2 protein chains.
Amino acid sequence: MALDALTRLAEERVDHRFKGLPPDAEGLTVGELAAQRRNLFTDGFTTPVLALSAERLEHNLRLMETYAARHGLAFAPHGKTSMAPQLFRRQIEHGAWGITLAVPHQVRVARAYGIQRVFLANELVDTAALKWVAGQLDADPGFRFLCYVDSVRGVELMDEALSGASRPVDVVVELAAGEGARTGVRTEAECAAVADAVAGARTLRLAGVAGYEGEVPRADPERVRSWLRRLVALAVDFDRAGRFAGLDEIVVSAGGSAWFDAVADVFAGIPELSSPVLKLLRSGAYVSHDDGHYRELTPFNRVPEEGALEPAFRLWTQVVSRPSPEQAFTNAGKRDAAYDLDLPFAQVVRRDGGERPADGISVTGLSDQHAWLRTDAEAGLEVGDWVGLGLSHPCTSFDKWVLIPVAEADGTVVDYIRTFF
Amino acid sequence: MALDALTRLAEERVDHRFKGLPPDAEGLTVGELAAQRRNLFTDGFTTPVLALSAERLEHNLRLMETYAARHGLAFAPHGKTSMAPQLFRRQIEHGAWGITLAVPHQVRVARAYGIQRVFLANELVDTAALKWVAGQLDADPGFRFLCYVDSVRGVELMDEALSGASRPVDVVVELAAGEGARTGVRTEAECAAVADAVAGARTLRLAGVAGYEGEVPRADPERVRSWLRRLVALAVDFDRAGRFAGLDEIVVSAGGSAWFDAVADVFAGIPELSSPVLKLLRSGAYVSHDDGHYRELTPFNRVPEEGALEPAFRLWTQVVSRPSPEQAFTNAGKRDAAYDLDLPFAQVVRRDGGERPADGISVTGLSDQHAWLRTDAEAGLEVGDWVGLGLSHPCTSFDKWVLIPVAEADGTVVDYIRTFF
C-alpha cells in the first residue's frame, strides 16, 4: 500500500470543502482534528453531518473476512461503494485479495493509494483509459488488473487501444445474468466467440469467467443458483477446451451483497480444473451495511448462524421548522442522504444531551436541502432537536460526503474517512 | 471577491480526484490544462464526462441579468445549484446583488471565495454555525448576511447562540407557501408573533419578509400570484406597524426557477414603503438550465418574447455493452447523472468524429454505474460509441462532478468549473 499517500490524507487541511465539520477546526489538519477526539454532539460539528460507527464498521469488516475465509472464497470487495482508500486499506488488512471497481476513474483512485490488485467488474473500451491501464501495468510488475469482456467488438477495440503494450491485459468473459439483464454475453456460444476473439488478440489474455447474479431476472434462491451453476459450467467448458492453458490460476467471480450465500454454496462445488481456481467474491455494501435495502436483502437473514451485519451510518440532521403539529423539516436533503431505493428512516431524537427513539416520526420526502417529516402527537419534536436518520443504499450515501467522521458509541470521533467520487 | 482564492483553484493539480479528465494530464495544474485548450472528443478525456457549454452558460448568465434588470429586481441566484465559486463570481459580474444559499456549509464555501452578500434561504438554529456567522460579521464590516426565521422558538435559539455578538443578524420572516407546504410561518398572526420575538432579541434585526412560491400547493399562475400578493401584503402590514423603522432598505424576496414571471409581475406592484425595497429574486437553476424538468417549467415558456434559456449540460458516456438488438449499456449511472426528477435523455451519438441524432435510443434506467438504453432497429448503436445525454435537474447534476470541463461548440475545452458539495 502507498502508505505515504494515506498519510497525506491526514495532512489535508480542514476547511470549507468538508461539510459538517466544526467551523472552529478550520486550519487544523485532519490528523490533528482526529487527535482532539471531539464529541460529535457537543464539540462544534454542524448539521447535517453523516457519521460512521467505529464499532460497527470494524464488526462488518471482520464478519466478511471470516465469512469469505470460512467458505474458501477470495474477496475483492466492491470499492465503488465507499471510494475511500482508507477503507480499501482496512479491507485488505482484513484479508481481501484486492478491490473491485466499476470504472477507470475509480481504478485511478485505487492506484493513487497503492492498491495492487484490481478487478474491474465492467467492460472497458475507452482508449485513453486503456492506455493509462497499460502504462500502469508496464510501470509496476506487481500490479494485477482484470476486467470484463462481453463482445467481439469490445475485444477488437481493446486490442487496438492496447497496441504496443508490453504486458497483456487479463480479461474474464462476462456471462449475462439472463435475458434482459444488464451487461454480459447472453449465450454460451457467444461466450466462446468472445473467448476466441481474446485468443486472437495479442494484447489480451483470457483469465477466467465472471458475472453478477444480482441482475438475475425475478431472482430467487433457485434461479440465482441455477445461473451460478451456468457460470461454473462455462468455466469448466472453457478449461476442457484448453482456453486456460498456461494460467497460474483461473478466475471465477460473482457476488454482490444480496446472494453471497448462493455464491459460496455453488462455488464450493467447482470441480478441479487445470490450474487452481481463484473463487472471487465481490460484495461491497457490507462495509457500512444499511437500514433499508440491504437490511432486507442480506444473505445473513437466511444464514443467521453465520452472523449479522450492522448498519454503520447515521445521518444527524436538525429540525429547523415546525410549521404545524403534523409537520417538521430538518436541514438535510438529497445532497446529504440516499433517496434512490428508500427514503431515510427517523431513528432517534436528541435534545439537551438526551436521546430517545423517534417514535411517531417518519420521513415522507426529500427536497434538495430539506427532509420532510410527518409527526404524530407522540413525536414531541421541537425546532432545534437533532434527528438521527438511518439510510438505505450505502453507495448513494457515501457519495454525498467528502469527509466522514467515524464516531464511537459515546460520540467520540476517532477518525475521518475521505471519499473520492 | 477573494480573487486569490479563485486563482488558487487554477493552481490545483489535476489528479485522481477529478473524474473524466485526461489521465495524461496528471500533474498539470488546472490552469495549465485549460491553457492547452484540449478537445473534449479527441484529446484524452475519459468517459463518462460531464461538460458545460461555454456559449450556453454565457447566454444564460446574460439572459437572467437582463431579465432581472428589466423588471427592477435585485438578483441573488441560488448558489446551491452549482456550488461553484467561479460561477458565483460570474453571476456577480453579471449584475447579481449576492448569492442565495441553503445551509451554513454553503455559506462557508461562498465566504472562502469572498462573496460579500449572502441570503440564506432557510431557518438557521445550529449553534456552531451561528457562532461562525457572528464571527464572520464581526471580522468583516462589508459582509451582508440575511436568513429566515419562522418560529418563536427558532428566534430564541438564535438569540441564545448569538449572545455576545457585536453586530445583529438580519432576518426575514418566512411566510409559508400554504397549508402542508414546506417551511415558513402559516398565518399572518403567527408572522407577527415571530416578528415580535425578533424585536425582543437583541442579537437579531428584522430586515423584511420572504418565501418560496415554488411550494405553493397545486401551483398555477393564479395561486402563485395570490400567495405572492399575500407576501407583499405582509411586508406592507409590517411596515405600517413600524416593524421596519430605521432600516436602510426593506427586503422582500421570493423566486425559484418556475415562477419568476409571476414574481416580477407582483413585485412590480409593491407600493412605496418607509424605506426603499430590495426586491430580491433567487432563481438558481437557470445557470445550466436543463433538458427536462426546467425545460418544461421555465417561465420563459410563458413569456417567449423575453428570451429562452439554453440547456448547458451534456453528459458524454460510452457504450460498453450491446447484449441484444434491443439493449445497450453505457458507463454512466447514478454516480454521474441526475435521476431524481427524470432519467437522462439520449441526444446524440458520436463515432469516428461524426455526430448524429440519437434516434431510436432512450434511457430506461440507471444503475449505480451504468445507464440502461433501449434501442430500436434504427439506432445503429455499437460498442465504443459515445452517447451524449441531456439531464433533468441542475442541482443533482452539478453535485455529481467535482471539476467540470467547459467546452465550446467544437469541443475545445476552455475552462474547468470546480464545485464544493
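The values are calculated or read from the model by the stated rules, or taken from the named source; none is laboratory data. Just so you know, these numbers come straight off a predicted model, no measurement behind them. As a convention, Cβ positions derive from the backbone with ideal geometry for all residues, glycine included, and neighbour counts pool all protein chains shown. Heavy atoms of the whole protein, side chains included, go into the accessibility calculation; ligands, DNA and RNA do not. Shrake-Rupley method; radii C 1.70, N 1.55, O 1.52, S 1.80 Å.
Some observations on this one:
- At least 1 residues being in contact with a Cys (Cβ under 7 Å, 6 or more places away or on another chain) is the threshold, and among the helices (runs of 4 or more DSSP H) wholly inside segment B:219-306 those reaching it are B:221-240.
- Restricting attention to segment B:168-203 and to residues that are among the polar types (S, T, N, Q) and within 14 Å of another protein chain (Cβ to nearest Cβ), the residue that is farthest from B:Asp140 (Cα to Cα) turns out to be B:Thr187.
- Among (1) over 19 Å from B:Pro23 (Cα atoms); (2) surrounded by fewer than 24 Cβ atoms within 10 Å (Cβ to Cβ); (3) touching a His at 6+ places or on another chain (Cβ under 8 Å) - the single one A:Ala121 does not satisfy: (2)
- Residue match in segment A:320-332 (condition: touching a His at 6+ places or on another chain (Cβ under 8 Å) and more than 12 Å from chain B (Cβ to nearest Cβ)): no
- Per-region count, segment A:65-86, residues out of contact with any strand residue (DSSP E or B) (no Cβ under 9 Å at 6 or more places or on another chain) and either without any contact (Cβ under 8 Å) to a residue 12 or more places away in the chain or open to solvent by 10 Å² or more (accessible area, probe 1.4 Å) (or both): 2
- A:Asp359 assigned to a strand (DSSP E or B), over 26 Å from B:Asp159 (Cα atoms), open to solvent by 20 Å² or more (accessible area, probe 1.4 Å) and touching a helix residue (DSSP H, G or I) at 6+ places or on another chain (Cβ under 7 Å): no
- Comparison of A:Arg182, A:Arg225, A:Arg202, A:Arg186 shows that the only residue that is closer than 25 Å to B:Ala332 by Cβ and in contact (Cβ under 8 Å) with a residue 12 or more places away in the chain is A:Arg182.
- Taking segment A:309-326 as the range and being in contact (Cβ under 8 Å) with a residue 60 or more places away in the chain, in a loop (DSSP other than H, G, I, E, B) and either closer than 17 Å to B:Arg153 by Cα or open to solvent by 10 Å² or more (accessible area, probe 1.4 Å) (or both) as the test, the residues that pass are A:Leu309, A:Glu310, A:Pro311.
- If only residues of segment A:251-265 that are of a type in the set (Val, Ile, Thr) and crowded, with 24+ Cβ neighbours inside 10 Å are counted, the one that is nearest to A:Ala76 (Cα to Cα) is A:Val252.
- When A:Ser53 is tested against (1) over 30 Å from B:Gly44 (Cα atoms); (2) without any contact (Cβ under 8 Å) to a residue 60 or more places away in the chain, exactly one condition is not met: (2).
- Some residue of segment A:386-406 being farther than 17 Å from A:Ala54 by Cα, open to solvent by 20 Å² or more (accessible area, probe 1.4 Å), in the same structural domain as A:Phe45 (by TED's automatic domain parsing) and over 31 Å from the mean Cα position of the chain (by Cα): no
- Being of a type in the set (Gly, Ala, Ser), within 21 Å of the chain's Cα centre (by Cα), within 22 Å of B:Ile361 (Cβ to Cβ) and surrounded by 22 or more Cβ atoms within 10 Å (Cβ to Cβ) is true of B:Ala337.
- Selected residue [surrounded by fewer than 17 Cβ atoms within 10 Å (Cβ to Cβ), touching a strand residue (DSSP E or B) at 6+ places or on another chain (Cβ under 6 Å) and farther than 19 Å from A:Lys131 by Cα] from B:Arg37, B:Arg62, B:Arg8: B:Arg37
- From the list A:Pro221, A:Pro168, the lone residue that is more than 30 Å from A:Arg89 (Cα to Cα) and open to solvent by 20 Å² or more (accessible area, probe 1.4 Å) is A:Pro221.
- Residue match in segment B:364-372 (condition: at pLDDT below 95, surrounded by fewer than 23 Cβ atoms within 10 Å (Cβ to Cβ) and either among the aliphatic types (A, V, I, L, M) or outside the structural domain of B:Gly242 (by TED's automatic domain parsing) (or both)): no
- Residue-level check: of (1) within 26 Å of the chain's Cα centre (by Cα); (2) assigned to a loop (DSSP other than H, G, I, E, B); (3) more than 14 Å from chain A (Cβ to nearest Cβ), B:Ala165 misses just (1).
- Flag if B:Glu249 is touching a residue at least 12 places away in the same chain (Cβ under 8 Å), in contact with a Phe, Trp or Tyr (Cβ under 8 Å, 6 or more places away or on another chain) and acidic (Asp, Glu): no
- Among the residues making up segment B:11-34, those that are within 26 Å of the chain's Cα centre (by Cα) and either open to solvent by less than 90 Å² (accessible area, probe 1.4 Å) or within 14 Å of chain A (Cβ to nearest Cβ) (or both) are B:Glu12, B:Val14, B:Arg17, B:Phe18, B:Lys19, B:Gly20, B:Leu21, B:Val30, B:Gly31, B:Ala34.
- Applying the criterion of being among the polar types (S, T, N, Q) and open to solvent by less than 20 Å² (accessible area, probe 1.4 Å) to the residues of segment A:171-209, the residue that is farthest from A:Ala245 (Cα to Cα) is A:Thr183.
- Entry remark, segment B:124-152: residues being among the charged types (D, E, K, R) and buried (at least 23 other Cβ atoms within 10 Å of the Cβ) number 2 in total.
- Condition check for A:Cys191: assigned to a helix (DSSP H, G or I) and touching an Asp or Glu at 6+ places or on another chain (Cβ under 9 Å): yes
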